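Asker: First the structure, then my questions, so here it is.
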2 protein chains.
Amino acid sequence: MMTHILQATAEAGANIALTKYWGNADPQQRIPANDSISITLDRTRTVTTVAFRPDLPEDEILVDGKRLVGPAGERVSRHLGLFRERAGIAWRARVVSENNFPAGAGIAASASGFAALTLACAAALKLDLSPRELSCLARRGSGSAARSIFGGFVLLHTASRDEDAFAEPLYAPDWWEIWDLIAVVSRAEKAVPSGEGHGLAPTSPLHTARVARVAELNRQLLDALARRDFAALGEAAEQDALMMHAVMMTSRPSLLYWLPETVALMHWVQARRREGIPAYFTIDAGPNVHILTLPPYHEMLREELQTLPEVQEVIPCRPGTGARIIAESEK
Amino acid sequence: MMTHILQATAEAGANIALTKYWGNADPQQRIPANDSISITLDRTRTVTTVAFRPDLPEDEILVDGKRLVGPAGERVSRHLGLFRERAGIAWRARVVSENNFPAGAGIAASASGFAALTLACAAALKLDLSPRELSCLARRGSGSAARSIFGGFVLLHTASRDEDAFAEPLYAPDWWEIWDLIAVVSRAEKAVPSGEGHGLAPTSPLHTARVARVAELNRQLLDALARRDFAALGEAAEQDALMMHAVMMTSRPSLLYWLPETVALMHWVQARRREGIPAYFTIDAGPNVHILTLPPYHEMLREELQTLPEVQEVIPCRPGTGARIIAESEK
């Protein structure tokens, strides 16, 4: 007897947040404390195949060839459960996910990973979901994954209800050729995964002030995007990266994601700017530095970055497309 | 004809703030935005001689053998003017100030310098001033100098009026043998002097939240000092150092005083703590790291610090005495 298999493959890109998601308004539903604006990236992509089958005793999750176990595996299983519930099916699934960026390069794969998984699950189970519904579901797996459903420049809403906390596209990828040169300074795993870190945000005496300021920065960013004002965009991004890390460092326990190399690159970016080069940094929950710049400076900056002793690798990214289905099959 | 000279020599120590002075409630009067608590240090001292003479065409200020000119010289002259006004005298003065810590070691000499200058001026001009009045006058020269008038553990009050913004001693130096191991990682001059930096504090979106939190930390510190609870003291000090630098980094323009070596030492201190060693860091407006610890750990930590490639020098300090007159003469 042929085993029935519901299978689909989807692809999604990581994104770099200009205003960050850090801390939840609702931890259960993973609703962010503040709106955030990001750029979906073209180069850092995840391809995920999910196959629901009646003959699997438990979910099997492979990421870059390695079986995911423990809390990371349970998180993916919980996400699969959201789709099983909607489809009214109990079948377990086999998930195979591949990142095209070096494994453990310190680039969060959870945004692209959960966006691709969300799309693949919906397609495999033939759920008829709108982009907003997909974005909300992706958010339940990883807050920033809600943004990676869409390409280009994206806004993720905070809200009081699950169904209102969706991302939406602001501008297509070709609206503005902003480069994100990801300077990898460490490939080490984070000591505290960002999933846990979100819970610590409210313990920082600076969290509330940051959330209030981000609302202002988002207005500044919307205006900067509309007018393609790079200095306004860069200043907002740099200030929120610094605010987020301030919240992290002053939480209890203190989260110090920066390394000496991180600070060396921050000074390097500010020095380039004093030379008149449009360059701003932003930093996610880790030590690597994203250098935002414009053509034609990206090539020169990339070459210079690659000569710095602090930099192991530079991954040059531009605005990329949103998540998409690559294949679906039922047999 | 003999020239009449009014002369005195005074000595004062630098201090390390557990809660910081950063930003003013009243910039004109240099009244700090928040109360701060510090330890006056025994090892980092300034000796200052001031001689008011009728035959000087202008003030002459020598610090560590070098003539002070420009804004730094004018700041000292303005301070001398406060005393001339009180004494009803117009004579210019010659000021000779020597720091016993390496010049340009990145240790702020303004606290010990203005405390010693204040005491020397008052003695030379035979002004009958109370310790509180001396503390207020020192504050006009440099906010943290108000604390260096006193020895041991000191509290500086913010206030709405000049005469209420004085420091007062909380405990004598022998109350608690806390060590401050000053790890010097750079001897470079600051790009932005802290005098200017104070004016930027209100441009940070985190400034108000920090000032509110410092009030809580001060209550925690008073309690920790009374009970000699080092973990409570260290945690409060570390959190406010991080908050102050967060305010600096997120001000406009951004002030990034940290160097790669600063962050390396922050990680080093947190790693020692995970090993069970009582060690906390604090950082003033510069890149050097102050490591707070207790006996008997100070010797081991000092030796270990001296082997680190990031550390140029370690200056081990304990609580020290307040400012005092060394000599006075009239001829």
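Asker: How high is the FRET efficiency from B:Gln306 to B:Arg274, r the C-beta distance, R0 30 Å, rounded to 0.05? Can you show the working numbers first?
Answerer: Details: r = 21 Å, r/R0 = 0.71.
The formula returns an efficiency of 0.90 here.
Asker: A follow-up question, please. Within segment B:160-211, which GluC sites (Glu not before Pro) sit in a loop by DSSP and count at most 13 neighbouring Cβ atoms inside 10 Å?
Answerer: For GluC sites (Glu not before Pro) across segment B:160-211 that sit outside H, G, I, E and B with at most 13 neighbouring Cβ atoms in 10 Å, the list reads B:Glu177, B:Glu189.
Asker: Oh, and also: Provide the buried accessible surface between chains B and A in square angstrom, both chains summed, 1.4 Å probe, rounded to the nearest 100.
Answerer: In total, this chain pair buries about 2300 Å².
Asker: Let me cross-check A:Asp55: its accessible surface, 1.4 Å probe, with only protein heavy atoms counted, in Å² to the nearest 10?
Answerer: 80 Å²
Asker: About the Cα centre of segment A:215-331, how large is the charge dipole given +1 on each Lys and Arg Cβ and -1 on each Asp and Glu Cβ? Please answer in debye to the nearest 20.
Answerer: 200 debye
Asker: Measuring from a point 7 Å out along Cα→Cβ, what nm distances, shortest first, does B:Gln28 have to its partners in the other copies?
Answerer: 5.6
Asker: If the cut-off is a Cα-Cα distance under 29 Å, which lysines reach B:Lys20, setting aside same-chain residues fewer than 8 apart in sequence?
Answerer: Within the straight-line limit of under 29 Å, B:Lys20 reaches these lysines: A:Lys20, B:Lys190.
Asker: Place +1 on the Cβ of every Lys and Arg and -1 on the Cβ of every Asp and Glu in the protein assembly as shown, take the dipole about the Cα centre, and give the residue among B:Val247, B:Ile315, A:His290 whose Cα lies farthest towards its positive end.
Answerer: The residue sitting farthest along the positive end of the dipole is B:Val247.
Asker: Please work out the FRET efficiency for the pair B:Ala231 and A:Arg53, using the Cβ-Cβ distance as r and a Förster radius of 60 Å; give the result to the nearest 0.05. Working shown, then result.
Answerer: Values: r = 54 Å, r/R0 = 0.90.
Here the calculated transfer efficiency is 0.65.
Asker: Normalising by the residue count of segment A:185-326, find the relative contact order in percent from Cα pairs under 8 Å and 6+ residues apart.
Answerer: With pairs under 8 Å counted, the relative contact order is 25 percent.
Asker: Let me ask something else. For helix A:110-124, what angle does its Cα long axis make with the longest principal axis of chain A, in degrees from 0 to 90 and rounded to 10?
Answerer: For A:110-124 against chain A, the angle is about 30 degrees.
Asker: Segment A:194-261 to segment B:168-247: how many Å between their Cα centroids?
Answerer: That distance is 23 Å.
Asker: Between copies, how far apart are the A:Asp164 label points? List them in nm, one decimal, shortest first, with each point 7 Å from Cα toward Cβ, please?
Answerer: 4.4
Asker: Given springs between every Cα pair under 10 Å in a Gaussian network model of chain B, which of B:Leu222, B:Leu292, B:Leu119 has the largest fluctuation?
Answerer: In this elastic network of chain B, the residue with the biggest mean-square fluctuation among B:Leu222, B:Leu292, B:Leu119 is B:Leu222.
Asker: What do you get for the angle between helix B:297-307 and the principal long axis of chain B? Use alpha-carbon atoms, 0 to 90 degrees, nearest ten.
Answerer: 90 degrees
Asker: Would you mind pulling out the separation of the Cα centroids of segment B:129-156 and segment B:275-331, in Å?
Answerer: Their Cα centres are 21 Å away from one another.
Asker: Also, quick follow-up: With a/c under 1.5 counting as rounded, go ahead and sort segment A:179-317 into rounded, prolate or oblate using the C-alpha gyration tensor (a ≥ b ≥ c being the square roots of the eigenvalues; past the cut-off, prolate if a/b is larger than b/c, else oblate).
Answerer: On the way: a/c = 2.29, a/b = 1.22, b/c = 1.89.
It is oblate, given that a/c is not under 1.5 and a/b is not larger than b/c.
Asker: When chain A is treated as a GNM, springs tying every alpha-carbon pair under 10 Å, which of A:Glu133, A:Glu304, A:Glu313 comes out with the largest mean-square fluctuation?
Answerer: In the Gaussian network model the winner is A:Glu304.
Asker: Under unit Cβ charges (Lys, Arg +1; Asp, Glu -1), what dipole magnitude, rounded to 20 debye, does chain A have relative to its Cα centre? Walk me through the numbers on the way to the answer.
Answerer: Values: 34 positive and 39 negative charges, 101 e Å.
That gives chain A a dipole magnitude of about 480 debye.
Asker: Treating the angle as unsigned and between 0 and 90°, give the value, to the nearest 10°, between the Cα long axis of helix B:207-227 and the longest Cα principal axis of chain B.
Answerer: 80 degrees
Asker: Could you size up the charge dipole of the protein assembly as shown around its Cα centre, putting +1 on the beta carbon of Lys and Arg and -1 on that of Asp and Glu, and report it in debye to the nearest 20?
Answerer: Rounded to the nearest 20 debye, it is 460 debye.
Asker: So what is the 222 nm mean residue ellipticity for chain B from helices alone, if each DSSP H run of at least 4 adds -39500 (n - 2.57) and you divide by all residues, rounding to the nearest 500 deg cm²/dmol?
Answerer: Theoretical 222 nm ellipticity from helices: -12000 deg cm²/dmol.
Asker: Could you work out the per residue convex hull volume over the alpha carbons of the protein assembly as shown, in cubic angstrom?
Answerer: Dividing the Cα hull volume of the protein assembly as shown by its residue count gives 164 Å³.
Asker: Leaving out ligands, DNA and RNA, what percent of the accessible area of chain A is carbon and sulfur, probe 1.4 Å? Working shown, then result.
Answerer: Numbers: 6640 of 12970 Å².
Whole-percent figure for carbon plus sulfur exposure: 51.
Asker: What accessible area per residue, rounded to a whole number of Å², is obtained for the protein assembly as shown using a probe radius of 1.4 Å?
Answerer: Averaged over the residues of the protein assembly as shown, the accessible area is 39 Å².
Asker: How far apart are the A:Asp55 label points across copies, placing each 7 Å from Cα toward Cβ, in nm, shortest first?
Answerer: Label-point separations across copies, in nm and ascending: 11.0.
Asker: Could I ask something else about it? Could you tell me the relative contact order of chain A? Use alpha-carbon pairs under 8 Å, at least six residues apart, and round to a whole percent.
Answerer: 27 percent.
The values are calculated or read from the model by the stated rules, or taken from the named source; none is laboratory data. Just so we're clear, the structure is a prediction, and the values are computed from it rather than from any experiment. Ideal geometry is used to build each Cβ from the backbone, glycine not excepted, and the neighbour counts take in all protein chains shown. With ligands, DNA and RNA removed, areas are computed over all heavy atoms of the protein, side chains included. Shrake-Rupley method; radii C 1.70, N 1.55, O 1.52, S 1.80 Å.
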